[in-house]
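Colleague: Here you go, one structure.
The values are calculated or read from the model by the stated rules, or taken from the named source; none is laboratory data. Fair warning: this is a prediction, and the values are worked out from it, not measured in the lab. Every residue, glycine among them, receives a Cβ derived from its backbone with ideal geometry; neighbour counts consider all protein chains shown.
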Amino acid sequence: MTPREPRSTTPASSRRRRHPSNVHDGDMLAPGVIRCAVYTRKSSDEGLEQEFNSLDAQREACDAYILSQRHAGWVGVPDPYDDGGLSGGTLERPALKRLLADIAKGKIN
């Protein structure tokens, strides 16, 4: 058996949606703003082809929590960090690597 390539890590439904708490490139942030990212992962690719899947549900729950903390200065960043069909037993996950790199660059605090 040969290993399968992971499906697209950005479901079509997430590419169309923008959450109202998102910060877009070039937005000026006031001091004390906390830029939050949402990382989602599903270890199997089963169901990822659905219009609304586990990654979407995870993201919506996290976006809702970020929005609930708006009073404390939390804002969501627009970049999706989705690793669909990848095991959590390894750090070799493209979206996780992008997330860690963006944290190192100061895009997320």
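Colleague: For segment 89-109, which positions are surrounded by fewer than 13 Cβ atoms within 10 Å (Cβ to Cβ) and hydrophobic (A, V, I, L, M, F, W, C)?
Modeller: Residues of segment 89-109 surrounded by fewer than 13 Cβ atoms within 10 Å (Cβ to Cβ): 89-92, 101, 104-106, 109.
The answer is LEU91, ALA101, ALA104.
Colleague: Can I ask one more? May I ask you to list the residues in segment 51-76 that are surrounded by fewer than 12 Cβ atoms within 10 Å (Cβ to Cβ) and among the polar types (S, T, N, Q)?
Modeller: SER68, the sole residue that qualifies.
Colleague: Quick check on my filter: what residues within segment 42-94 are at positive phi and either modelled with pLDDT of 95 or more or in contact with a His (Cβ under 8 Å, 6 or more places away or on another chain) (or both)?
Modeller: Here is the first cut: in segment 42-94, the residues at positive phi are 47, 73, 85.
GLY73, the sole residue that qualifies.
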